[in-house]
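What follows is a single structure, written as structure tokens, with notes after it.
The values are calculated or read from the model by the stated rules, or taken from the named source; none is laboratory data. Not measured: the values here are computed from a predicted model. Note that we place each Cβ from the backbone using ideal geometry, even for glycine, and neighbour counts take in every protein chain shown. All accessible areas refer to the heavy atoms of the entire protein, side chains included, with ligands and DNA or RNA removed. Shrake-Rupley method; radii C 1.70, N 1.55, O 1.52, S 1.80 Å.
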Amino acid sequence: MVFMAPLAPMQVYGAVAQQSFGMVPLVYVIGVIALMFTAFSYSHMSKEFPYAGSVYSYVSRGLNPHVGFIAGWLILADYILCPALLYAFAGVWMAGVLPQVPAFVWTLIFVVCNTLINVRGITMTARANLVMFWMQIVTLVVFLGIAVKFVLIDGHGMGGFSLAPLFQADHVDFGFIATATSIAVLGFLGFDGISTLAEEARDPVKTVGKATVFSILFSGLLFLIQVYMAALIHPQYETLNPDMGFFEIAKEAGGPVFYTILILINVIAVGIAVTLNVQSATARVLYSMSRENLLPFAQVLAKIHPKFQTPVNATLFCALLSIVVTFSLSIETLYKFVTFGAITAFMMLNATIIVYFYGKKRMRGVKGFLTYALTPFIGLLITGYVWSGFDKMTFMVGIGWVLVGVVVGYVKSNGYKKVAPVIKEL
């Protein structure tokens, strides 16, 4: 949940409101429904293969090791670039609050803090997560209290409850559903990070799948509550700043002090809380692929810290790469590449469920069809639709990344003849 960020809708509310005719709550309801199909696919595979590596491990073992390498290569595009994207966001926001300190200085501070926490181990990361989680929950509770007073007690905004933010018959059609699905699916990216920690979880066969599903449900509920109250405070969505819409609403209801505090909390949520988990997940995907000798410099990246038992070199590599990428690519470019890698990997995972469970393991019958054929097929259709909406440049760069992965895989597998050994025991 910290990976997805309980306050995530605040950062995109203005833009989403304008694209959804103010029905932001409906967008997030659609998002929960849409992502649940892919979450179920993660749940099935985490029970079958409780290993670090996320999509790489699942597709390698469920479909084909060489195809799995490409899936891992794609999710790396998401995980490797995502921290840089978030560091860039946080740096820009902090520079807006304290303009005398350049954005790149804030980026370096966030990178160093997260790297130190991640190197010290998953227990340290979990403790930091707990602090960040409750910090965001307390902030959300304060906002909801302000919203209730502003709307229901003082009679401002809509002056009471309304169904308009949830459903407007004249605007809801297939086109709206399609647009909302694209927005919402991208808003929930990060739920898959749980699967990268399977080898550091207690009883991963039972816990990882459940955690993946419930993280989407709980986060979706928090998203729904905050955007619904925001819509009641300020129903004129057309007047909102696309980048600062929610913060403007907070200022309207809670005043300038709360406005500043909310920005700072969001900076901490993105610059430390979310990126802490992204870096942790990225390091473990790199580690998982490197210990099977599938990446360049595999022996270096597969090194485990002797005291903390963490993938130390992979973590340091993620930190260095984040710094380089943040200073090299624009936020818009990073956002497109991150989503391309994630959505493509999700498509491959859903396809793997059908092939492995319904095909290879022949789990048939009504239950088998619904669980291992229909559900992942719907997940494949939803992610495929989102995938089809990328622009030409994103497709070109994304396909270029895949081709590089094909070459690396060819070299490391001796012409796709050698298969990395499947790890039998944790």
Added length on full extension, which subtracts the Cα-Cα distance from 0.36 nm per residue, ASN241 to PHE369: 41.4 nm
Going 7 Å from the Cα of LEU152 toward and past its Cβ, which residues in segment 239-269 have a backbone nitrogen under 19 Å from where you end up? 250, 253-254
Listed here are the pairs LYS360/LYS417; LYS303/LYS412; LYS210/LYS361; LYS303/LYS336; LYS206/LYS360; LYS47/LYS336; which of them are more than 27 Å apart at the Cα? LYS303/LYS336; LYS47/LYS336
Mean projected area, convex hull of alpha-carbon positions in segment 126-193, reported to one decimal in nm², is 6.8
Computed from the beta carbon distance with a Förster radius of 25 Å, FRET efficiency for PHE161 and VAL138 to the nearest 0.05 stands at 0.55
Rough spin-label spacing in nm, given labels placed 7 Å along Cα→Cβ, for HIS171 and ASN414: 6.1
Where LYS251, LYS210 fall by accessible area, highest first, once all protein chains stay in place (1.4 Å): LYS210, LYS251
Distance in nm between pseudo-label sites at ASP391 and ILE261 (7 Å out along the Cβ direction from Cα): 3.9
How high is the FRET efficiency between THR333 and LEU108 when r is their beta carbon distance and R₀ equals 22 Å, given to the nearest 0.05? 0.60
For ILE109, what accessible surface area do you get with a 1.4 Å probe? Give it in Å², rounded to 10. 80
Averaging 1/r across every pair of distinct alpha carbons in segment 1-121 and inverting yields a Kirkwood hydrodynamic radius, in angstrom, of 17.5
Hydrodynamic radius by Kirkwood, which averages 1/r over all alpha carbon pairs of the chain, in angstrom: 22.1
